[in-house]
Amino acid sequence: MEKIGFIGVGIMGKPMAKNLINAGYDIFAYDIIEEALNEIVEDGADIGTSPKNIAENCDVILTMLPNSPQVKEVVLGKNGIIEGVKKGQILVDMSSIAPLISQEIAKELEKKGVEMLDAPVSGGEEKAKSGTLAFMVGGKKEIFEKCKDILDVMGGSVTLVGEIGAGQTTKLANQVIVALNIAAVAEAMILGKKAGVDPEKIFNAIRGGLAGSRCMEDKAPRMLKGNYAPGFKMKLHLKDLTNVFETSRSLHTAMPLTAQVMEMMQVLITDGNEEIDHGGLALFYEKMNGISLKKEVKK
């Protein structure tokens, strides 16, 4: 079985790597945070000493990192992946970054005879743990087929959507839709409660109709409990929307609804909410309208 390098074993990466270990893969892990690295080693991974070291010892290299600068540094920087690779290896970047950066990195790796897939995920920590993430993959079909069994261990849905960068573009579209959905759910629930109708009853009445969605199923109950423990942090969603606008500006694409939701996230983060779940968009509406969605518990 192939040796797999896994760089970035944080909130998302750790359970993803653990699922691969449980499936019988030999995992060499690396992370700049020693505590995170020690935890995955306890689960059965071997320690890599640098991205270069990971590349020297593995057939397929997986990265799960915060944003474009970190991916560029890990792949192309000093002691980076590119310094340790050899012809025939494959890099699968599962981070959510700007599509143009994925294409730039792929071109540099191509000079070394190394193939790349951009394969960002959707689903958050819960689905990372259950191995049911949705993968949106860009790259060559033959390389995708070589890596699909690995991705299937971590994902419930693994889809090739086009060439390099297409996976990231699809993830950006996903994040736009999710952000707007969360805002719409919060806005509607606030309206209902202001009008004197129990938001929980509204949720139960409409969840089976056209307004129903996975987003509503996950976020509405959180809003009604005031539970914003992070499944996907607000600051990370803001990062994704920043990448959306970097891309949309280069394409001269108007995105007024997304711009409005991004401004709402900016306000919340300025108020110190960067670490909460993105479902905390409801707090913006609560503050603006002077009312809480949290269901009052009768004593």
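Quick check on Lys72: is it at pLDDT 95 or above, more than 26 Å from His237 (Cβ to Cβ) and open to solvent by 10 Å² or more (accessible area, probe 1.4 Å)? The answer is no for Lys72.
Summed over segment 229-283, the residues that are over 17 Å from Ile182 (Cβ atoms), open to solvent by less than 40 Å² (accessible area, probe 1.4 Å) and among the polar types (S, T, N, Q) give a count of 3. At least 3 residues being without any contact (Cβ under 8 Å) to a residue 12 or more places away in the chain is the threshold, and among the helices (runs of 4 or more DSSP H) wholly inside segment 14-98 those reaching it are 34-42.
Looking across segment 126-143, the residues that are surrounded by fewer than 22 Cβ atoms within 10 Å (Cβ to Cβ) and either within 22 Å of Ser102 (Cα to Cα) or not basic (Lys, Arg) (or both) come down to Glu126, Ser130, Gly131, Thr132, Ala134, Lys140, Lys141, Glu142, Ile143. Being open to solvent by 20 Å² or more (accessible area, probe 1.4 Å) and under 27 Å from Asp218 (Cα atoms) is a description that does not apply to Ser95.
Table: residues versus (1) assigned to a helix (DSSP H, G or I); (2) farther than 27 Å from Ala259 by Cβ; (3) of a type in the set (A, V, I, L, M, F, W, C).
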position	(1), (2), (3)
Glu200	yes, yes, no
Leu210	no, no, yes
Arg222	yes, no, no
Pro230	no, no, no
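Just one of the listed residues (Lys171, Lys201, Lys225, Lys193) is open to solvent by 60 Å² or more (accessible area, probe 1.4 Å), on the phi < 0 side of the Ramachandran plot and touching a residue at least 12 places away in the same chain (Cβ under 8 Å), and it is Lys225. Among residues of segment 127-138 that are basic (Lys, Arg), those with a Cβ under 7 angstrom from a residue that is modelled with pLDDT of 95 or more, sequence gap 6+ or separate chain, pair up as Lys127/Leu133; Lys129/Pro15. For segment 204-222, filtered to residues that are within 20 Å of the chain's Cα centre (by Cα) and free of Cβ contacts under 8 Å to residues at least 24 places away in the same chain, the residue that is least open to solvent (accessible area, probe 1.4 Å) is Glu217.
Scan segment 26-61 residue by residue and report those that are closer than 26 Å to Lys87 by Cα and open to solvent by 30 Å² or more (accessible area, probe 1.4 Å). Talk me through it step by step, then tell me what you get.
The first filter runs over segment 26-61 and keeps only residues closer than 26 Å to Lys87 by Cα, leaving 26-31, 45-61.
Passing the criteria: Asp26, Phe28, Tyr30, Asp46, Ile47, Thr49, Lys52, Asn53, Glu56, Asn57, Asp59.
The values are calculated or read from the model by the stated rules, or taken from the named source; none is laboratory data. All of these numbers come straight from a predicted model, not from anything done at the bench. All Cβ positions, glycine included, derive from the backbone under ideal geometry; neighbour counts span all protein chains shown. The protein model used for the area step is the full one, side chains on, heavy atoms only, and it has no ligands, DNA or RNA in it. Shrake-Rupley method; radii C 1.70, N 1.55, O 1.52, S 1.80 Å.
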